[in-house]
Amino acid sequence: MIDVFGLFSINALYPILVLLILLIAAFAMILNSNKKLKDLTRRYELFMGGRDAKTMEEVITGKLNEIEDIKVKEFKNSTDIAEIFDRLEKTVCKVGLVKYDAFNKMGGKLSFSLAMLNEKSSGVILNSMHGPEGSYVYMKEIVNGQSYVALGEEEQKALNLALDKVEE
């Protein structure tokens with residue numbers, strides 16, 4: 001058997017040990033880099049899905065075009081919704097109806113007051129009075145929940161119903 005350490009002096013042994021430690025460290029770093037490269041390769045292949053770079057570019061470009069189309073449609077939807085809300089402010093959405101007998105048992109309960117208001121509580125009250133000699137219909141304007149003309153009892157009840165001011 002050859003005595004390796006006998007061939008070298010103590011002073012020469014230190015550089016050899018340092019080189020051996022560096023060699024082991026380099027080998028460990030190569031193993032670590034190899035593991036990282038395998039992980040990166042696996043993730044790349046998963047991302048590419050078997051496609052080449054040109055196909056992947058087409059896929060990304062297609063998705064960007066889809067995003068632009070969605071932006072255009074979202075803008076149109078937003079403007080349509082704003083227009084719908086503008087229209088809804090003017091649409092009748094509050095209604096109150098009171099039926100009554102205008103001529104004390106002579107016309108039956110065929111008379112009525114009908115309040116029709118928009119979101120801002122503006123609109124009209126239609127009053128139809130039915131009696132033995134005929135029917136009469138008239139209208140009163142309502143602005144912000146108020147009438148500039150005096151309201152009859154039934155008209156006020158219809159207005160209160162439309163405004164959700166129900167009397168109990």
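The values are calculated or read from the model by the stated rules, or taken from the named source; none is laboratory data. Everything numeric in this text was worked out from a predicted model, so none of it was measured. Cβ: placed from backbone, ideal geometry, glycine included. Neighbour counts: every protein chain shown.
Based on what the data block shows, is G50 modelled with pLDDT under 85, in a loop (DSSP other than H, G, I, E, B) and of a type in the set (G, A, S)?
yes
Anything in the range 86-99 that is crowded, with 17+ Cβ neighbours inside 10 Å, closer than 18 Å to E153 by Cα and of a type outside the set (V, I, T)? List them, or say none.
Selection gives G96 alone.
Are there any pairs, at least 6 apart or on different chains, whose C-beta atoms fall under 8 Å, with the first in the range 83-109 and part of a helix (DSSP H, G or I) and the second of a type in the set (S, T, N, Q), and if so, which?
Qualifying pairs under 8 Å: E89/N118; K90/N118.
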